[in-house]
1. Looking at (1) exposed (fewer than 15 other Cβ atoms within 10 Å of the Cβ); (2) of a type outside the set (A, V, I, L, M, F, W, C); (3) under 23 Å from K49 (Cα atoms), which is the one condition that is false for D67?
2. Just one of H212, H177 is at pLDDT 95 or above, farther than 26 Å from Y99 by Cα and buried (at least 18 other Cβ atoms within 10 Å of the Cβ); which is it?
3. From the list Y99, Y123, pick out the single residue that is within 20 Å of T52 (Cβ to Cβ) and surrounded by fewer than 17 Cβ atoms within 10 Å (Cβ to Cβ).
4. Those residues that are under 11 Å from the mean Cα position of the chain (by Cα), of a type in the set (G, A, S) and under 25 Å from K231 (Cβ atoms), I need them from segment 26-58; list them, please.
5. Quick one: count up the residues across segment 71-80 that are assigned to a strand (DSSP E or B) and at pLDDT below 95.
6. Of the residues L228, L246, which is aliphatic (A, V, I, L, M), in a strand (DSSP E or B) and more than 19 Å from T62 (Cα to Cα)?
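The values are calculated or read from the model by the stated rules, or taken from the named source; none is laboratory data. For clarity, every value in this text was computed on a predicted model and none was experimentally measured. Every residue, glycine as well, gets a Cβ built from its backbone with ideal geometry; the counts of neighbours run over all protein chains shown.
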Amino acid sequence: MSVRAGFYIILFIFFSITAKAQIAPPGLGDVNSSAWFAVGVKEDLFAEKNITSTTFVGIGTTNSPEDHNPLDRGTIYVINQEVEHQFARHWKYSGALSYRWQNQFDEADPYDGRQEIRLYGRYSYLHPAEFVSFSFTFRPELRLFYDTAFDPYKKSAQFRTRFSGKMSVNLSADKAHKLVTMAEVLLSSDKKENWGVWEYGESRFSVYYSLHLPKYKATLNFGYMNNLLGKDFYRDAHYVAFDIVLHNIFRKG
């Protein structure tokens, strides 16, 4: 799948669906720089019960070995569906299903493609406030890997756990402008190795500027993520990100 094809897919979905959290970029491993673009739709399924659905598609690109241009190579294409329930003022949980196609550039051309089906959940503590809000999230996930023919990939399965914190600062009285920071630590256990052994894999640190446009039922998010890989931080990868989240576009009013 080419960058152009992925771009057309996103445009098609964007214009055929007649947007309030950041859609964070996926970690792409041993790269120098990366760019991420996503379009999401967030709908209140049962507003009185605080149940929402978020669907998004995204494309990620990376640099080639010769330079640091994050737009050089189309690397990952993502479709994600998540349903969330906030059952109390300070607590919420969600479940999600994700499909991902990722080109593996560590082998000779033609590049090795990998498909991934991911199931994950979130359990979050929330502390909303007028000026500064924050949350802490535990996210367990199961990752199943396949090659282009849907046969098991080299590392066929992985359990992974994330612990993250997020802080949101309102920059205007109407809360249309926000500064959002996030930090995340990832641990994993692989089927190829030993299910009982959990190892630290990476950390991610992000900062976003978020602009909410009520008239257009949309939120625009511009961000940067720093990805530190390995226990000895052998790779310091840089990500630029932009996403659009459309909010309740199927509701009148």
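1. With respect to (1) exposed (fewer than 15 other Cβ atoms within 10 Å of the Cβ); (2) of a type outside the set (A, V, I, L, M, F, W, C); (3) under 23 Å from K49 (Cα atoms), D67 is out only on (3).
2. Details: H177 fails: buried (at least 18 other Cβ atoms within 10 Å of the Cβ).
Every option except H212 fails the conditions.
3. Values: Y99 fails: within 20 Å of T52 (Cβ to Cβ).
Going through Y99, Y123 in turn, just one is within 20 Å of T52 (Cβ to Cβ) and surrounded by fewer than 17 Cβ atoms within 10 Å (Cβ to Cβ): Y123.
4. G27
5. Taking segment 71-80 as the starting set, the residues that turn out to be assigned to a strand (DSSP E or B) are 73-80.
Next, only the ones that are at pLDDT below 95 stay: 73-75.
Residues meeting the conditions: 3.
6. On the way: L228 fails: more than 19 Å from T62 (Cα to Cα).
Every option except L246 fails the conditions.
Table: residues versus (1) over 18 Å from the mean Cα position of the chain (by Cα); (2) among the hydrophobic types (A, V, I, L, M, F, W, C).
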site	(1), (2)
A176	yes, yes
V185	no, yes
F222	no, yes
K231	yes, no
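Quick grid of which residues meet (1) at pLDDT 95 or above; (2) within 23 Å of F46 (Cβ to Cβ); (3) of a type in the set (D, E); (4) surrounded by 14 or more Cβ atoms within 10 Å (Cβ to Cβ):
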residue	(1), (2), (3), (4)
Q86	yes, yes, no, yes
Q104	no, no, no, yes
D109	no, no, yes, no
T137	yes, yes, no, yes
